[in-house]
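This report refers to the structure that appears directly beneath it.
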Amino acid sequence: MKLTVDQATSMLQGLTTTEWVLIAIAVIAALALAIVGFLWWRRRRAAPKAAPVAAAPARPTVPLGKQLVADARKFRRGLPAPARRCLDAFHPIVVLGTESSGKAAIIERFAGVAQRRVELGAGAELAGGQLRCVLGGDAIVFDPSEEVVRAPRELVDAGLTRALAPQLRRRPPIVVVCVSPEALDKLSEPQLAELGSALRAKLDVIAALRDEPAVVRVVVSDVPGFARFDALFRLLQLPGIPAVLTLERVDDDAVRGALLGYADEIGTALTQLTPHETLELVGFLEALPQLSGALSVLLGELFAPAGDLTPHLDGLYLLPAQGGPNPLAIPESLLRPAASPLLKHRLIALSLAVAVAGVLLAGYRRDAERWDHAAAAAKAYELKAEHELDLRLAIRDYAGSEPGGLTDRLRPGFFVDGPRVVACSFVEQVRQDYLVGSLAHELDLSPEQRQPERALYLAAALYAGHDDDLGHLVNDRVEEWAEAVGPQRPQLIDYLRMARRYRDEHWLERLAEVTRARGDDRVAADLARFLGWFAPGRTWSASEIVEAGALAKQLRPQIQELARFGAAERILDTPPLDRLAPTYKVCAARFAFLSQLWDNRVELDRLLETVIEGAPAAPPGAPRSFRELSAALSPLLTDAAAAAPSRFVIDGHEYTVDRGGFAHAVRGDQIEQIVSGFVTRMPGEAAQLFFPDPAQWNDVALAVQWPAGTAGAETHTRIYQREIFESDVKPAVVAIHKLLGQLADRPALGDRLAQALGKALDAYAGGYEHELERLVSSFHVELSSEVAAQRVLRALAGARSPMRELLRTVAHDAGLGLANDKTGQFDAMAAIEDRFGALAPLFVAGKTGEPFVAYQDVLRELAMRLAAPQPASAGKPSDAPGAAGAALTVRLSAAGALALSAVTGAPDKASPLAALDAWLADKALPDELAGPFRLPVRAAYGLGAHDVEGALAAWDRDIEAAVDADLFARFPFDRRSGDDLDPQTLTDWLHPKRGRLASDLEPAVAGLVARTRGWDGRTRHQAAHPCTGDEPCVRVPGALLATLDRLAAASGLLWDDAGKPRPLEVDVTPRPFTLSAGTGPLPELVRLTVGDATVFYFNQRPKRTTLALDWTRDQTASLSVQIKQDGSLSLTPPAVVASGTPWALFHLLQQADRHGSTYTWHIRLGPSQLLAVSYDVVDRTVQSLGGAKLLVSRGPQ
């Protein structure tokens, strides 16, 4: 027979307290036997075996600290069990020193190792490792190897502490430092100091372990093979010679004084030593200062002051080979008995016993408290008590809980019958308070009022047990059972969980009294008539719909009440109520009907609900939005699956029910009214069909703060946000399209609704697009100065850039996720994503970060360029090549320099404008979206363009002043000037190849001013880049263009295109000369001479003569008259002369009276006779320049 877990648990919980105590004693005894057997096995396993000849040990690679711990652990484990248990009784001794110091011999002589080796065998000693461990007579000796002794403290500190701690923490150790006489004689002072420092480090480890200073014995022993100390050790073997020296100090004088004390024993040596030994002793005493110095160096390092943990010297032991004091002796003050080895085991056993007793006592008290609480709750329990729930929970926790984990299963039960007693009390209370009384009341009713199914349900609950078939039947339908006959569901569940078979069969006999069949059941007849109306394909009249609705309202509560008793047939098949089956045959038909109601309760209730809800009602108000329309139509439109006919078998008849046909007939008119009213009341703003509430159209604030110099949108229309589209518009469109599919059988309604949806979506899409366009175009930048430009650019390039927030809002709202939409329902909205979707990738971090950050780098670079210092002005323009360009450049601010570079097309790939163009080209933004990104840069460059215009105006004023001073304020340009213009100055300014105009002024404005030739052949200057678009441009001042035109006109007058000087041409036409009244000579000929050219005039018909003036050299111009006097002709000296200047003709003209273009000279021929000589002078220079004012700025009129 197999023992299950529950059976074993019940068996354990049924044990009494005495039985549990006996089981605990047996378990403890079994554990004790197991421990004894394990110790015996350990002892057998640790028995010595014949060890093979070991090979030479390899050099260990394990760290020294771990080797020390391993050696100490190996020694303790290798000891026999009796010795290991008594290990605390052995006093610890630590022997430090080099291998040549004789420490091994000292341990062998004085530790009692030989006796322990005989008693315990090889386990009494562990050698060959870094820590030699020896168990002596009454001490345990630890001998670290020379490698450990000389090793630095940080390498062995932890390991030596862990190895020695078990022994040194219990007893203060005896520390012995062994020193070799050979080391004192042969090692140098640094070597001795190093050895002392290494030994002191180990003493510090021991002191730190005990937290008290170490007491140290220093031993100098007689080592074979070194005869230097033989005389001293021979003296120490004599009676009465002390071998232990007490030193108060460890300096050289104290050590030497202590050793020189042996000189007082020379008399004893003379009487007891041989002469040879006496001589050796005298030699030793003579060499004593050297040896004492070496010993003081070693002792000085060993006992150097270190506060409270400075080691104490417990004597200097001079140990001969034979006899001598015992340096390993344990003082009487340190001897104390160790604790009994069995004390620890007794304490462990006592602790286990106390723990077991405590556990049993705690378990007993806990069970006693639970029993008292549950028994009181069971005694006071009533179904309708004020604290019924608290009482029932206490009873269920005690009586109904099952053991859970291992702890619950193994915990002893001190009150075995307690849960059963409490459960029986609770069950009996429920039966007597409710079930028995209810069953008696049902049986006492008149035959017409009795319900046999109710009586069976009460009887089933009365006779149900927690582990029988009847209990399982009630538990499977516990909710319906509680609603049918009571009590409440939680009470019934707890009752079934704790109930046992009811033994009183008195009520089974009385149940036969209610078996008389009732009359006709009106519910079955009404249900059959109701189901007969729903045949497939049937048409409905208005009266039938009203009648069906009324009957459904009547049948629904009746069927719900009767369906709860659908288990009546199964009750009669379940013991012990199965014995009543023959008696209740008369109720078989009714019980079968109840069972069929139970089986079809869900479908019947759905059918009745459909009829009740589908009954005609007052027409609802027309929906205001697509959401309300969808909510109103969805319940009225039933899909094909939900409208599939259902089949029922009720009371032996099969019914086919078409709920969809009924719903279609009832709701057809409602659908027509709702859709027609919705379309008819469509507002003028079609988008209101998505958002009928005016509050939904309010603006929401953007998280943007525009700094001074910038402006943009601060609000955003709420309905034109991506979240609103996804939460309100998109679901509404999808829902309406679904409704359109359901309205396939009503095409007219579907078309009207589709048109309304299309119009509303188009209107919403138009508003959405206009709103995003408004946001993008709202961004403006106005810069008043370069300082303001730097501030604005830094704000736009910062982490809280308002431009970033504005454009990211647009990008977010434009990313509608409709690129892959294949339904075609959102084509109007997809156009918005196509137009503004290029902004979204700018705010998506890639491998190199966000692209918008790269744009901000451009703005940041532009701000840095604007803040860069500009070169200082060099003063007025000079004549050096490029001086004019430099004079213009130094007038510019940083923004002006950038603008000039951009306008003139200077190659600068690192300029912010070039970087912006490259960034825009890489992102492939359309012009509409690229505009906001260009605005800050263009504004800064526009600021620079204004600066360039001002600089050009100032530069023009300087150039014009220099030109006037050098050219136009001098003769012949200024005819009133007395300063003649020399040809070299003209060449320096106006030469078409190397003059300042061609080589300096025009190159300075090469990108701003273009030189052209007009239709008349004259040279004109005009702006190279007219300001027509939004690109940065400079409006060249008209005064500058006029200045350049004047210079170009003068240059063209004086030189040809090849740079050859061009003579000035002047047309002269003589006029008839007149002679005033008087007597004197008669003029015959008038001669005008200019350089090599001469014009003669005989007072005849005038003839025009063109004079070519070579302005590159000095000339002489004269006007002379040939007169006839006394029948002879003579040429008078020139009446008017101008010489020494290339402009002699113009000086000659200055001496005449001018009327228009006629110049008249008055020449005196005699005392009373004047000759008026006139010439019409046509200056082609003036004609070629288009007017005298262009060339002669201040000439006489």
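The values are calculated or read from the model by the stated rules, or taken from the named source; none is laboratory data. Here the structure is a predicted model, which means the values were calculated and not measured. So basically every Cβ, Gly included, is an ideal-geometry build from the backbone, and we count neighbours across all protein chains shown.
Of the helices (runs of 4 or more DSSP H) contained entirely in region 535-611, those carrying at least 1 residues that are within 60 Å of the chain's Cα centre (by Cα) fall at 542-563, 588-599. Kindly evaluate A910 against the criterion of being surrounded by fewer than 16 Cβ atoms within 10 Å (Cβ to Cβ) and modelled with pLDDT of 85 or more. In short, no. Assess whether L1041 counts as being closer than 13 Å to D956 by Cβ, touching a residue at least 24 places away in the same chain (Cβ under 8 Å) and not in a loop (DSSP other than H, G, I, E, B). So L1041 passes the test. Just one of the listed residues (L555, L572, L577) is farther than 19 Å from Y463 by Cα and modelled with pLDDT of 80 or more, namely L555. P802 meets the conditions (1) surrounded by fewer than 21 Cβ atoms within 10 Å (Cβ to Cβ); (2) under 28 Å from Y941 (Cα atoms) in every case but one. The failed one is (1). Report, by residue number, each residue of region 690-710 that is in contact (Cβ under 8 Å) with a residue 60 or more places away in the chain and over 16 Å from A828 (Cα atoms). F691, P692, L702, A703, V704, Q705, W706, P707, A708, G709, T710 - these are the residues of region 690-710 that are in contact (Cβ under 8 Å) with a residue 60 or more places away in the chain and over 16 Å from A828 (Cα atoms).
Which of the following residues is farther than 26 Å from A83 by Cβ and modelled with pLDDT of 90 or more: V148, V176, V223, V218?
Exactly one of V148, V176, V223, V218 is farther than 26 Å from A83 by Cβ and modelled with pLDDT of 90 or more, namely V218.
Can T1019 be described as in the same structural domain as L935 (by TED's automatic domain parsing), over 30 Å from Y941 (Cα atoms), surrounded by fewer than 20 Cβ atoms within 10 Å (Cβ to Cβ) and out of contact with any strand residue (DSSP E or B) (no Cβ under 8 Å at 6 or more places or on another chain)?
Working: in the same structural domain as L935 (by TED's automatic domain parsing): yes; over 30 Å from Y941 (Cα atoms): yes; surrounded by fewer than 20 Cβ atoms within 10 Å (Cβ to Cβ): yes; out of contact with any strand residue (DSSP E or B) (no Cβ under 8 Å at 6 or more places or on another chain): no.
Here the answer is no, as T1019 does not meet what is asked.
Look at (1) farther than 15 Å from G1166 by Cα; (2) surrounded by 13 or more Cβ atoms within 10 Å (Cβ to Cβ); (3) modelled with pLDDT under 75 and you find that Q1100 fails only one, number (2). For the residues A732, A708, A713, A701, the requirement of being within 38 Å of the chain's Cα centre (by Cα), crowded, with 19+ Cβ neighbours inside 10 Å and modelled with pLDDT of 85 or more singles out A713. Taking region 77-106 as the range and being within 14 Å of R217 (Cβ to Cβ) and either without any contact (Cβ under 8 Å) to a residue 60 or more places away in the chain or assigned to a helix (DSSP H, G or I) (or both) as the test, the residues that pass are S101, K103, I106. Here L458, L462, L439 are screened, and the one residue that is touching an Asp or Glu at 6+ places or on another chain (Cβ under 7 Å), assigned to a helix (DSSP H, G or I) and within 24 Å of E388 (Cα to Cα) is L458. Among the residues of region 711-768, the one identified as closer than 30 Å to E782 by Cβ, free of Cβ contacts under 8 Å to residues at least 60 places away in the same chain and assigned to a helix (DSSP H, G or I) is R718.
Of all residue pairs spaced 6 or more apart or on separate chains, those with beta-carbon atoms under 6 Å, a first member in region 185-197 that is farther than 21 Å from E154 by Cα and a second member that is assigned to a helix (DSSP H, G or I) are E189/V297.
For region 491-507, enumerate the residues that are assigned to a helix (DSSP H, G or I) and surrounded by 15 or more Cβ atoms within 10 Å (Cβ to Cβ).
Hits for region 491-507 are Q491, L492, I493, D494, Y495, L496, R497, M498, W507.
The residues on offer are A306, A287, A294, A263, and the sole one that is at pLDDT 75 or above, surrounded by fewer than 18 Cβ atoms within 10 Å (Cβ to Cβ), in the same structural domain as D185 (by TED's automatic domain parsing) and of a type outside the set (K, R) is A306. Taking the condition free of Cβ contacts under 8 Å to residues at least 24 places away in the same chain, farther than 30 Å from K738 by Cα and of a type in the set (V, I, T), does V781 pass? Spelling it out, it is not the case that V781 is free of Cβ contacts under 8 Å to residues at least 24 places away in the same chain, farther than 30 Å from K738 by Cα and of a type in the set (V, I, T). Given the conditions (1) more than 30 Å from R579 (Cβ to Cβ); (2) at pLDDT 80 or above, which single one is not true for H466? Here H466 meets the rest and fails (1).
Being aromatic (F, W, Y) and either loosely packed, with under 14 Cβ neighbours inside 10 Å or within 19 Å of Q688 (Cα to Cα) (or both) is the filter here; which residues of region 737-784 pass it? Talk me through it step by step, then tell me what you get.
So the first thing to find is which residues in region 737-784 are aromatic (F, W, Y), and the list is 764, 768, 779.
Answer for region 737-784, where residues must be aromatic (F, W, Y) and either loosely packed, with under 14 Cβ neighbours inside 10 Å or within 19 Å of Q688 (Cα to Cα) (or both): Y764, Y768.
Output the residues belonging to region 342-386 that are modelled with pLDDT of 80 or more, farther than 20 Å from Y495 by Cβ and basic (K, R). The answer is R365, R366, R370. Of all the numbered requirements in (1) free of Cβ contacts under 8 Å to residues at least 60 places away in the same chain; (2) touching a helix residue (DSSP H, G or I) at 6+ places or on another chain (Cβ under 6 Å), L859 misses one, and that requirement is (1).
With in a helix (DSSP H, G or I), touching a Cys at 6+ places or on another chain (Cβ under 7 Å) and outside the structural domain of A711 (by TED's automatic domain parsing) as the only criterion, which of V903, V948 stands out? Before the answer, list the steps.
Values: V948 fails: touching a Cys at 6+ places or on another chain (Cβ under 7 Å).
Only one candidate qualifies: V903.
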